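Okay, structure first, notes after.
Only the coordinates and a few stated rules stand behind these numbers; no lab work does. Small disclaimer: the values here were computed from a predicted structure and weren't measured. Backbone-built Cβ (ideal geometry, glycine too); neighbour counts: all protein chains shown.
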Amino acid sequence: MLLEVLKYGHPVLRQKGAPIESLTPEIKRLIADMLDTMHERHGVGLAAQQIGRALQLTVIDVREAKDRPSTLELRGRTVPVEEFMPLVLINPQITPHGQTVVVGEGCLSFPEIFGEIARLELVDVHALDIKFKPMEFCAGGLLSRAIQHEVDHLNGVLFIDRMNRNTREELRGALETLQTATKEQMKGQ
């Protein structure tokens, strides 16, 4: 089932997600719906907060982003990223490292708004997978960036919070317009 993606200005986007204690049928359904929603909207990631649930859950799929490569290292060996997509991360803990890379980012909760964001190039991930089993890996490229972006969402941090002051100032009008529209829509519900 397709879910509504909340837009900037909705308070749930600023909430830290609660840990998921068990893989219930409701959580399994939520994961499936989040994957459907992410793919339908042509996103590479979607966090639970973006669909109105403040949980430590995100889904990621970078297979369609051919122009921005990804890497994945499992137990010290490079493996094909495609074999792990779509990726479900439950209660993820991350450690970014490496060089800082500045690249343009967008977000499904900020339609038509893009900005240059500095992030570290690699990220070590500890999480539970779609079967609620522990997983550990190191990601690079777009996958690293997507994981860092989505884990930010799980902690109530938005990509605009990572923009430099000049970029955010340039986008101020668009951000205010989106935030106002979101609040008006919420009043009507």
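Packing around the peptides 21-34, 40-53, 148-161, taken as the average count of other Cβ atoms within 10 Å per residue, puts them in this order, highest first: 40-53, 148-161, 21-34. Here the Karplus curve 6.51 cos²θ - 1.76 cosθ + 1.60, taken at θ = phi - 60°, turns the phi angles of segment 128-141 into couplings of 9, 8, 5, 9, 6, 9, x, 9, 9, 6, 10, 10, x, x Hz, with x standing for Gly and Pro.
Taking a ≥ b ≥ c as the square roots of the eigenvalues of the Cα gyration tensor of segment 11-187, is the shape rounded (a/c under 1.5), prolate (a/b larger than b/c) or oblate? Oblate is the answer for segment 11-187, as a/c is 1.5 or above yet b/c matches or exceeds a/b. Taking every lysine pair in the chain that is 8 or more places apart or spans two chains, those with Cα atoms closer than 17 Å amount to 5. Checking the a/c ratio against 1.5 first, then a/b against b/c, what shape does the Cα gyration tensor give for segment 99-189? Since a/c reaches 1.5 but b/c is at least a/b, the shape of segment 99-189 is classed as oblate. Amide H contacts of residue 113 (H built 1.01 Å from N, in plane; Pro and chain starts excluded): 107 sit under 5 Å, all sequence-distant by 5 or more or on other chains. By the helix-only formula, in which each DSSP H run with n ≥ 4 contributes -39500 (n - 2.57) and the sum is divided by residues, the chain has a 222 nm mean residue ellipticity of -8500 deg cm²/dmol. The charge dipole of the chain, taken about its Cα centre with unit charges on the Cβ of Lys, Arg, Asp and Glu (plus for the first two, minus for the last two), comes to roughly 320 debye.
Placing +1 on each Lys and Arg Cβ and -1 on each Asp and Glu Cβ, with no other charges, gives segment 18-102 a dipole about its Cα centre of roughly 160 debye.
Near residue 59, once Lys and Arg are set to +1 and Asp and Glu to -1 for all other residues with Cβ below 11 Å from its Cβ, the sum equals -4. Ordering 114-124, 84-94, 64-74 by mean Cβ neighbour count within 10 Å, with the highest value first, yields 84-94, 114-124, 64-74.
Projecting the Cα positions of 97, 86, 15 onto the charge dipole of segment 3-127 (unit charges on Cβ atoms of Lys, Arg, Asp and Glu, taken about the Cα centre) puts 15 furthest along the positive direction.
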